[in-house]
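Got a structure here, written out as structure tokens. Questions coming.
Every number here is computed from the coordinates shown, using simple stated rules; none is lab data. All of these numbers come straight from a predicted model, not from anything done at the bench. No Cβ is skipped: glycine too gets one built from the backbone with ideal geometry, and neighbour counts run over all protein chains shown.
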Amino acid sequence: MSTSAKPVDDCVIRPVRAEEWAAARELRLTALRDPVADLAYLETYEKAVARPDSFWQERTVRVAEDADGARQFIAEVKDGKWVGNVVVLIEEAGSTDWAGFPVERRQGHLVGVYVAPGYRGSGLTKALFDAAVEWAWGRGAERVRLIVHPENARALGFYRKAGFVESGVTMPLADKPGERELEMVVGRP
């Protein structure tokens, strides 16, 4: 653990609740202001901050109630502040993913990963990933994947350390012609 990282035992990892949409919105906006947000997220801060409250309310209900095969996990410190997040989506075999590629097997897909700077290197990201991946296994996922920009060195390093490996599949970025992101996967234990 880095000397500036806060201990992970100060945090509780749990699913978000439907009524917590305002906190979910604030954490997302914080993540979108991160220095590598342009590499890590498909959405911009400007687009997200302009969305109406109804968008955030509906989004939070979906990931809180597992309405669409999705679950959001947050890391909450003892004073109630949220300092981390990951969302896991279940993608069904025979469907197509967000990029239009066929989904060959039931899988989890981790998105929206964020941990506040003071908690990076503390084990918090691993704790969030453990909760999300365990949830995906419990929903019958055969593997869990994520997509990462090859220039996001911090994320790549963590994902490799967490046991994810490059699958050989790359995904084009719709708004950045010529750029591609890497798919990384982990199989069932």
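Among 57-64, 71-78, what's the highest-first ranking by average C-beta atoms within 10 angstrom per residue?
Ranking the peptides 57-64, 71-78 by packing returns 71-78, 57-64.
Which of rounded, prolate, oblate describes segment 3-65, given a ≥ b ≥ c as roots of the alpha-carbon gyration tensor eigenvalues and a/c under 1.5 marking rounded, otherwise prolate only if a/b is larger than b/c? Before the final figure, lay out the partial values.
Details: a/c = 2.53, a/b = 1.15, b/c = 2.20.
Oblate.
Among all lysine pairs in the chain that are eight or more places apart or on different chains, how many have alpha carbons less than 25 angstrom apart?
Here the count comes out as 9.
Listing S54, S167 from the residue with the fewest other Cβ atoms within 10 Å to the one with the most, what is the order?
The order, fewest Cβ neighbours first, is S54, S167.
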